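Peer 1: Sharing a structure below in structure tokens format, with a few things to ask.
Bear in mind that the values in this text are calculations on the coordinates, not laboratory data. Note that the structure is a prediction, hence the values are computed from the model and not measured. All Cβ positions, even for glycine, are placed from backbone atoms using ideal geometry, and neighbour counts span all protein chains on display.
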């Protein structure tokens, strides 16, 4: 939200400086075939692009002209000064990706910043894709989706086997998106349609007749807040989209059961552990059963070809002739290998066909070619033996069967391991309790009754009872009771947090020792837990820039391997044909052709594009999951990759380095006025101000009142002077509270004693506030915003990590320098406005630094966007800080170190994965091709090559899984950072 707000401000402030729009008479204002009434029937979208490389109006003109040539463009405005392009278009004719490509075709670099499509015209669906084996597959699907009209953005993740598609439902439906995926040769299963954010499925029994269905639909549609009702009689299922602020599932159940006069019974539609988990379990089961079936045939093949032939008696049976030179052993191996090749291994044929049909080649192609070469050559030898009386040949049935068995085992282990990389999401989703205790209150707030309900039936404003040891059913705030709540599973906070009346609680956390009554404020998809799950899912979907290396390699990998394999076979075949190597090199059971064939097959099946494709996404998945468990939400591979390069961190002061809760620590009066009367007047003037310092004064003034929420004297003629203070009339006395410049502007003399106190306060990193009554300075307040515990140690640790720390603040230079000295920051920039912070970040970037900005995500949003990595600290449950790349759930500064260290560890793991995957292929392919054979007579049988290929993918996934054991840097072990309670100083100076 902060990011969108910042960009909105940028557009509102700067689009007035757009370069003059060139006039192109041939360009229509609307797409061809679109009437002038088209905007009324189809919503118009707006996209804003960053365009890098423009230097003059001619550049802007060329971009505008190129964009306007596209169909569906209503208007294009290019701002050469700010390197921005704003495009108004109709999504049914063109999408953002096409526009971006048109800009880049002009020779400029274009990046989509934002689009102004209304919420109703943007939807995000998540789809499970079955059958992808390497980055070639995922790239093919992604390209197909990106080409669809109405698709704004598509991301396909190989590791999770999922696609996340942002689309305009007015132009395309998720069913059409799924059809497009299946057209590329893969099976698509819907996980989330994008409508699920305010949608619930109910199981309704008793509704079968058309009349009862119509009655049911009309009754539900009549409820306020119901947006849509979709009834599936064959499933006894009713899907309801609604506004959670106005209604909820219990209302629907009540209406359904009342509508049918007791004939209808409704409950939450049963779920089977989530569609993603269901698919993964099914896939694991399929590979496991296929592997077991393959063993049933492969073990006898292995025994007949490599073990039993050395046992007297059995060898005679196997060598017995059936027809001509055809033996019993060969017939047995043919019979056993055929079902393995064509029944158990049919998935590889299917995958190869689909891959080749879409014009690409994947791992299935290599497996199919390798196993078919071995199988059909073996069939050839069997046919020759059956028709010849002197043919002596060796079959390779064990090669094809064992290859398929080992590959199935490898895929089974790989999917099993990949499932563990996404355990973080599963654990988060399991935090929601199954049931909740709903309280019914009377008008005076007394509990009338309590009822245990399904937690999914909790609605906004419900009052829920949380007993000791129970999970909190939804986000809300405490209205009665006190306890301690364990929030470690959400925020990573190790210690239980004290909760009393008025405090907020997070759904999924665990109540420790007391009973709490909470009022639900955010339920279902709006809850913090649901938002965290969506953020982590999105992060695991997003590709890191380094992934582009694997994507580029995958385009050429399989064709290149096929070429190398054929070349290997041909080279060894020619060498044997023309006696280029001694005949003693050829094993007694083979001829030169068979030796060459084995080398060729080994090359084909040892090559592994899967390991390359899994190197980055599996590490990103585990890294983001580990971060979430530590209270560090990393928004994808881009943020991880940028964070590991950070060598300069820009800190905001208030709320980042300091606690962010200013308190009055000192008061000096220059008259005999009673302190109670003084603060009564000051609080009356300040109570109308929203400034944090004013709130600190009012909070301190409560100490002189008996009530918890006192009423203050009425202030008249209240005026807030931004950046200076306030002015008001209280009891016919003019009260002015503010800084020295405010007094000077009102011609009020500031006593030398007051000047000295202001200087002392500034030297102690405090803010001095002057109070004037009837144009005479009566007193001075010193207000302090304490440093966060451990701030100095964190800055010291960052220095040891070779990271430069900078403090940027809007506060005065004196206070800023005092804070900086206290924490050990050498570079300070004070009196900076929010918009200037972004420019400061850019200056550090221009000097060669990779910059992280750490702020509260509100006033710092322009700087968070400008930085290479934006970190929003102390987000708590408000995780929708769009401007940040990394969201730190707690206010602890140590999490900044954790985020940087985790990104470095994750990227180190990615490098190790690539080193292994590339090294495996660079070493494995030459060895399989016979590079060691001339000197050592060592050759790699195809079935061992296949086993090595399967092991390479599993090893990459397991290498990424080791990140699950990540521990914070040891430097943080002795740094105990805890939440602190700020108490105002009771030492108050009072004198004449």
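Peer 1: Based on C-alpha coordinates, I'd like the Rg and Dmax of the chain, in Å.
Peer 2: Rg, Dmax (Cα atoms, Å): 35.3, 127.
Peer 1: Using a Förster distance of 56 Å, how high is the FRET efficiency between residue 967 and residue 711, based on the Cβ-Cβ distance and rounded to 0.05?
Peer 2: Efficiency, from the Cβ-Cβ distance: 0.60.
Peer 1: Here is a further query. In terms of the Cα gyration tensor, with a ≥ b ≥ c the square roots of its eigenvalues, is the stretch 663-784 rounded because a/c is under 1.5, prolate because a/b exceeds b/c, or oblate?
Peer 2: Rounded is the answer for the stretch 663-784, as its axis ratio a/c remains below 1.5.
Peer 1: Further question: Mind jotting down the distance between the C-alpha centroids of the stretch 128-189 and the stretch 442-466, whole Å?
Peer 2: When both Cα centres are located, 43 Å separates them.
Peer 1: Report, in degrees rounded to the nearest 10, the 0 to 90 angle that the Cα long axis of helix 210-221 makes with the longest principal axis of the chain.
Peer 2: So the inclination is approximately 40 degrees.
Peer 1: Where does helix 397-421 land angle-wise versus the long Cα axis of the chain, in degrees 0 to 90, nearest 10?
Peer 2: 10 degrees
Peer 1: Which of 454, 442, 364 comes first, and how do the rest follow, when ranked by fewest Cβ neighbours within 10 Å?
Peer 2: Ascending Cβ contact count within 10 Å gives the list 442, 454, 364.
Peer 1: How many percent of DSSP beta bridges within the chain run antiparallel, rounded to 5?
Peer 2: 85 percent
Peer 1: Within 10 Å, count the other beta carbons around each residue, average over each peptide in 933-943, 224-234, 549-559, and list them highest first.
Peer 2: 549-559, 933-943, 224-234
Peer 1: Once the Cβ-Cβ distance between residue 321 and residue 426 is put in as r, and R0 is 60 Å, what FRET efficiency do you end up with, to the nearest 0.05?
Peer 2: 0.50
Peer 1: Each label point is 7 Å from the Cα along the Cα-to-Cβ direction; what then is the distance between the points at residue 732 and residue 480, in nm?
Peer 2: 4.9 nm
Peer 1: As a footprinting exposure proxy, order 714, 835 by other Cβ within 10 Å, with the fewest listed first.
Peer 2: 714, 835
Peer 1: For labels at residue 447 and residue 549 in the simple 7 Å Cα→Cβ model, what's the distance in nm?
Peer 2: Placing both labels 7 Å beyond Cα along the Cβ direction yields 6.0 nm.
Peer 1: What is the list of residues in the stretch 422-441 whose amide nitrogen lies under 18 Å from a point 7 angstrom out from the Cα of residue 461, following Cα to Cβ?
Peer 2: Label zone hits: 438-441.
Peer 1: Against the longest principal axis of the chain, how steep is helix 894-928, in degrees 0 to 90 to the nearest 10, with axes from Cα atoms?
Peer 2: Long axis of 894-928 versus the principal axis of the chain: about 10 degrees.
Peer 1: Hey, got the Cα dimensions of the stretch 142-194 along the principal axes, in Å, largest first?
Peer 2: Extents along the principal axes, in whole Å: 30, 21, 17.
Peer 1: Based on the Cβ-Cβ distance of residue 112 and residue 389, what FRET efficiency does E = 1/(1 + (r/R0)^6) give at R0 = 60 Å, to the nearest 0.05?
Peer 2: 0.25
Peer 1: Quick check on packing: order 576-588, 798-810, 621-633 by the mean number of other C-beta atoms within 10 Å, highest mean leading.
Peer 2: 621-633, 798-810, 576-588
Peer 1: Follow-up. What distance in nm lies between label points placed 7 Å from Cα along the C-beta direction at residue 843 and residue 931?
Peer 2: 5.4 nm
Peer 1: Counting other beta carbons within 10 Å of each residue's own, what order do 606, 829, 129 fall into, fewest first?
Peer 2: Starting with the residue having the fewest Cβ neighbours, the order is 829, 129, 606.
Peer 1: Sticking with this one: On full extension of the chain, what length is gained from residue 258 through residue 296, given 0.36 nm per residue of separation minus the C-alpha to C-alpha distance?
Peer 2: 7.8 nm
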